[in-house]
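Worksheet for the structure shown next.
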Amino acid sequence: MPKKRGLASKIWDTWVWIVSGFLHIFYVLAKSIIWAAGFIISKAVAAGKNAAPRGKPRSSATYQPLVLQKQLTGSLSEFEDKLLSSKSTIGLVLGARGSGKSALGMRILENVAAKNRKVCAMGFDESTLPGWIRFVRDVEEVPNGYFVLVDEGGIAFSSRSSQSPANRILSSLLLVARHKDVSVLFISQNSANLEINTIRQSDYLLMRKPSLLQKEFERKKIGEIYDEIKTQFADLADNGRYSTYIYSDEFRGFVTNELPGFWSQKASKSFAQVKLKQSKKMKTA
């Protein structure tokens, strides 16, 4: 016959059951809190990686087509279609200092990005670039499939140092650009500053108003083109905005462009800082 349990034993069993229940509830709650905290932290880290760095503009790329001023030959729409849809093109932006070359280059870069192609830029102040533009310091950092804008290529890749590592890398990139599906757009004050290999492989030229003596120091073919159109830049002045002459197989004529959506005075002056830093390095070399 089983022995009857005393009152104290029953009270103890009840107390153990209550404590065990509370411990189980505490365990479940703690586990839920830890899981929720981990989830929130992982989302915050992911958001931090995808967010633009502190101080950078947070705009999104918008498409603003070039505006036709004067058509000489071909079709502007065909030129833009090729520029935006081709896997690999090489172009040059030339013109006087302060004529809007960088703004034009960034306008094209933004149009390309608005059509869902990845873009990057070199030669700008990184803090002035929106998050959708990947900042690169060297041509070796340009990934396959990107459209890259290089500002002041004449300083970074001077023809006076054609055997420098930078020029060798640049020439190699241009030679294999179509195999890597890379499009390249250079901005320079004068074509004489650029490697002749760059000129030879160009698919199009975007020419802003030249400086007083610029034509005299351009490479021969560029000088001839400027001779043909020099009087038309002044005739086509539009409310103070500079015109761009497009020289390509698809279209030849004059256009204007809207400023990039993220453009600012700081962005327009950003390369001056890069140039000054390079000059200081040259002095100490």
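Derivation of every value follows stated rules applied to the coordinates shown; laboratory data play no part. What you see is a predicted model; the values in this text were computed from it and never measured. Here the Cβ positions follow ideal geometry from the backbone for every residue, glycine too, while neighbour counts run over all protein chains shown.
May I ask which of Lys101/Lys220; Lys115/Lys221; Lys118/Lys180; Lys115/Lys230; Lys70/Lys209; Lys10/Lys31 have a Cα-Cα span longer than 23 Å here?
Numbers: Lys101/Lys220 21 Å; Lys115/Lys221 33 Å; Lys118/Lys180 13 Å; Lys115/Lys230 33 Å; Lys70/Lys209 15 Å; Lys10/Lys31 32 Å.
Where the Cα-Cα span goes over 23 Å, the pairs concerned are Lys115/Lys221; Lys115/Lys230; Lys10/Lys31.
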Next on the checklist: Using Cβ counts within 10 Å as a stand-in for footprinting exposure, how do Phe39, Phe233, Phe251 rank, fewest first?
Outcome noted: Phe39, Phe233, Phe251
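Which ordering of Glu258, Glu228 is given by a fewest-first count of other beta-carbon atoms within 10 Å?
Values: Glu258 16, Glu228 12.
Going from sparsest to densest Cβ surroundings: Glu228, Glu258.
Per 0.36 nm of contour for each residue apart, how much would the distance between Asn116 and His24 grow if the chain were fully extended, relative to their Cα-Cα spacing?
Working: separation 92, 0.36 × 92 = 33.12 nm, distance 5.22 nm.
Extending this stretch completely gives an extra 27.9 nm.
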